[in-house]
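Comments concern the structure below.
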Amino acid sequence: MAEPELLLDSNIRLWVVLPIVFITFLVGVIRHYVSILLQSDKKLTLEQVSDSQVLIRSRILRENGKYIPKQSFLMRKFYFNNQEDGFFKQTKRKVVPPSPMTDPSMLTDMMKGNVTNVLPMILIGGWINWTFSGFVTTKVPFPLTLRFKPMLQQGIELLSLDASWVSSASWYFLNVFGLRSMYSLILGQDNGADQSRIMQEQMSGAAMAMPADTNKAFKAEWEALELTDHQWALESVEEDLMSRELDLDGMFSKELPSGIF
Amino acid sequence: MAGVVAKREGPQFISEVSVRGNAAVLDYCRTSLSALSGATAGILGLTGLYGFIFYLISAFLLSLLLILKAGRRWNKCFKSRRLLFTGGLVGGLFTYVLFWTFLYGMVHVY
């Protein structure tokens with residue numbers, strides 16, 4: 001452990017390092033609560049809810065069809081897929097697919113997402129850079145190459161200073177990245193302060209606009225249901241049960257009153 | 001950790017809520033460990049490569065402890081054991097570096 005070659009004023013520690021930590025953390029918490037306040041109410045119609053439930057029911061039928069008798073399965077499949085009056089064939093919904101440009105609520109959602117996440121980080125980073133400039137803030141414990149110097153030592157004009165001594169702006173960004181996972185400790189899951197999750201959601205958000213087009217979803221579900229075949233998994237269930245040792249201890253309680261007589 | 005899977009012959013029934021809850025618990029453990037080990041590394045004054053090796057060792061120890069805790073019936077709660085090893089490593093690394101730098105600065109620079 002080599003002795004650090006610079007000795008910094010304790011005031012820096014008290015008035016720069018700690019405030020930056022607090023500022024970063026509190027801004028994150030504020031951002032979480034602001035995002036909760038600004039959440040626009042998603043209006044769902046009854047028809048949308050019932051449509052999504054129908055799709056779920058059809059999917060469950062496909063996945064678990066093998067546990068009901070063949071007759072029951074065919075009956076349900078017939079209800080959905082019949083040529084003349086099956087549910088998926090008959091219902092055509094009037095659908096206007098909302099694109100990000102035309103649908104106002106989606107546009108404001110995107111704007112709110114961008115504003116509450118990226119903008120404060122840039123603003124506060126700039127402010128911190130302006131306020132706490134011109135001195136060395138702390139030393140990172142690992143050696144860095146000289147290429148990082150202009151990035152990490154923004155206000156300091158020393159050519160021979162080791163690249164490990166960083167300025168306050170880089171300490172701020174280190175805080176932003178490091179506290180990201182701490183937010184899920186403190187604010188619980190699904191918190192609005194975690195930027196990385198939101199950016200991931202924005203990238204996969206294009207896939208989530210699909211449910212608006214229910215006609216396509218119905219058609220896809222119809223095809224999938226057509227393809228599924230009934231293979232009864234319970235075919236030899238009587239022999240299996242009888243061939244095993246039946247362990248009935250504790251299955252019936254003696255105190256259970258009979259409700260019939 | 002909530003048991004999520006009823007093991008039968010055939011497809012398994014998986015409760016989404018429980019999977020997310022278990023992942024949250026893992027995340028919690030890993031973040032706490034990263035914070036504490038970062039603080040330890042800062043106080044001890046580890047620099048450079050030693051610091052990163054310390055993080056890898058502590059992450060590995062956490063994985064071992066999690067596997068011990070999950071026990072024989074781990075497939076009741078997790079789809080694969082790899083998740084116990086590698087879940088949240090990079091996020092934990094950032095937290096580790098933050099706490100490491102912070103305490104190193106507190107203790108050794110000032």
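The values are calculated or read from the model by the stated rules, or taken from the named source; none is laboratory data. The structure displayed is predicted, hence computed values, not measured ones. In this analysis, Cβ positions are derived from the backbone assuming ideal geometry, glycine residues included, and neighbour counts consider all displayed protein chains.
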Seminar exercise, completed: Restricting attention to segment A:120-149, the residues that are under 27 Å from B:ILE43 (Cβ atoms) and surrounded by 15 or more Cβ atoms within 10 Å (Cβ to Cβ) number exactly 10
For this session: Please find, within segment B:98-110, the residue that is farthest from the other protein chains (Cβ to nearest Cβ) out of those that are in contact (Cβ under 8 Å) with a residue 12 or more places away in the chain, surrounded by 16 or more Cβ atoms within 10 Å (Cβ to Cβ) and aliphatic (A, V, I, L, M).
Result: B:LEU103
Exercise. Which condition number in (1) more than 14 Å from every other protein chain (Cβ to nearest Cβ); (2) touching a helix residue (DSSP H, G or I) at 6+ places or on another chain (Cβ under 8 Å) is the one that B:GLY38 fails?
Worked result: (1)
Seminar exercise, completed: Listed by range, helices (runs of 4 or more DSSP H) wholly within segment B:32-110 having at least 1 residues that are within 19 Å of A:LEU179 (Cα to Cα) are B:48-70, B:89-104
Problem set entry | Matching option when the condition is surrounded by 18 or more Cβ atoms within 10 Å (Cβ to Cβ), touching a helix residue (DSSP H, G or I) at 6+ places or on another chain (Cβ under 7 Å), within 14 Å of chain A (Cβ to nearest Cβ) and of a type in the set (Val, Ile, Thr), among B:THR95, B:THR47 | B:THR95
Problem set entry | Candidate set from segment B:67-80 (those that are of a type outside the set (A, V, I, L, M, F, W, C) and surrounded by 14 or more Cβ atoms within 10 Å (Cβ to Cβ)); member that is nearest to the chain's Cα centre (by Cα) | B:LYS79
Problem set entry | Where A:SER253 falls short, out of the listed (1) within 41 Å of the chain's Cα centre (by Cα); (2) at pLDDT below 65 | (1)
Problem set entry | Checking A:PHE135 against (1) of a type in the set (Phe, Trp, Tyr); (2) outside any loop (DSSP other than H, G, I, E, B); (3) within 14 Å of another protein chain (Cβ to nearest Cβ), the condition it does not meet | (2)
Exercise. Is there any pair linking a residue in segment B:39-63 that is farther than 17 Å from A:PRO143 by Cβ to one that is buried (at least 19 other Cβ atoms within 10 Å of the Cβ), with Cβ under 6 Å and at least six apart or on different chains, and which?
Worked result: B:ALA39/B:PHE99; B:ALA39/B:LEU103; B:ILE43/B:LEU103; B:SER58/B:SER37; B:LEU62/B:LEU33; B:SER63/B:LEU84
Exercise. When you scan segment A:158-171, how many residues do you find that are away from chain B (no Cβ under 11 Å) and under 15 Å from A:SER133 (Cα atoms)?
Worked result: 4
Exercise. Looking only at residues in segment B:20-35 that are surrounded by fewer than 19 Cβ atoms within 10 Å (Cβ to Cβ) and small (Gly, Ala, Ser), which one is nearest to the other protein chains (Cβ to nearest Cβ)?
Worked result: B:ALA24
Problem set entry | Any hit, segment A:81-102, residues being under 30 Å from A:ALA169 (Cα atoms), of a type outside the set (Val, Ile, Thr) and modelled with pLDDT of 70 or more | no
Exercise. Do we find a residue being within 19 Å of A:GLN39 (Cβ to Cβ) and at pLDDT 75 or above anywhere in segment A:199-216?
Worked result: no
For this session: With respect to B:ARG73, determine if the residue is out of contact with any helix residue (DSSP H, G or I) (no Cβ under 8 Å at 6 or more places or on another chain), more than 14 Å from chain A (Cβ to nearest Cβ) and not aliphatic (A, V, I, L, M).
Result: yes
Seminar exercise, completed: Screening B:THR47, B:THR40 for residues that are at pLDDT below 85 and under 30 Å from B:HIS108 (Cβ atoms) leaves only B:THR47
